[in-house]
Amino acid sequence: MLQAVRWVNKAIQRGVDVDTVKELRPVYPFAATVYQQELAVPQRQQQGELFQEEFFVAMEMLSAIVLINRNLEARDACGFWNSLTNPITGLAEVEGENAQCYFDALVKLRQVHGVDGTFPSWNDL
């Protein structure tokens with residue numbers, strides 16, 4: 001596993017999104033650019049090296065964001081809600097009675113972000 005972390009650190013530094021996701025399982029290859037961009041930030045903060053624990057946490061969060069965004073793109077409210085409330089997502093106090101409000105707000109946000117090709121981020125959630 002440490003070898004995979006080293007591989008990903010090098011791929012992020014080279015800026016090659018396809019290589020970034022090559023050693024990762026499970027990841028969503030359609031979102032290679034998201035993984036590349038979002039993993040580069042903590043890597044720079046750690047002087048060019050992601051460590052195993054933070055790497056795994058970041059991967060879980062990014063994969064959750066990717067699934068949420070995919071459901072938003074497909075306008076799949078049920079899939080969105082399942083992804084949003086999944087414990088891996090790590091969101092607290094997500095209230096069922098606000099599900100449609102969350103969905104509508106994030107669909108609108110995704111439309112705004114979609115203009116420049118970016119997904120809503122963890123902070124947007």
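Looking only at residues of segment 42-59 that are exposed (fewer than 14 other Cβ atoms within 10 Å of the Cβ) and under 16 Å from the mean Cα position of the chain (by Cα), we find that the one that is nearest to residue 5 (Cα to Cα) is 56.
Could you list, in sequence order, the residues of segment 72-85 that are surrounded by 15 or more Cβ atoms within 10 Å (Cβ to Cβ) and among the polar types (S, T, N, Q)?
At the first step, the residues of segment 72-85 found to be surrounded by 15 or more Cβ atoms within 10 Å (Cβ to Cβ) are 72, 77, 79-81, 83-84.
Answer for segment 72-85, where residues must be surrounded by 15 or more Cβ atoms within 10 Å (Cβ to Cβ) and among the polar types (S, T, N, Q): just 83.
For segment 6-15, the count of residues that are aromatic (Phe, Trp, Tyr), out of contact with any Cys (no Cβ under 6 Å at 6 or more places or on another chain) and within 29 Å of residue 82 (Cα to Cα) is zero.
Throughout, read-outs are computed from the coordinates displayed, never taken from laboratory work. This structure is a prediction, so every number in the text was calculated from the model and none was measured. A quick note on method: Cβ atoms are made from the backbone with ideal geometry, for glycine too, and the neighbour counts reach across all protein chains shown.
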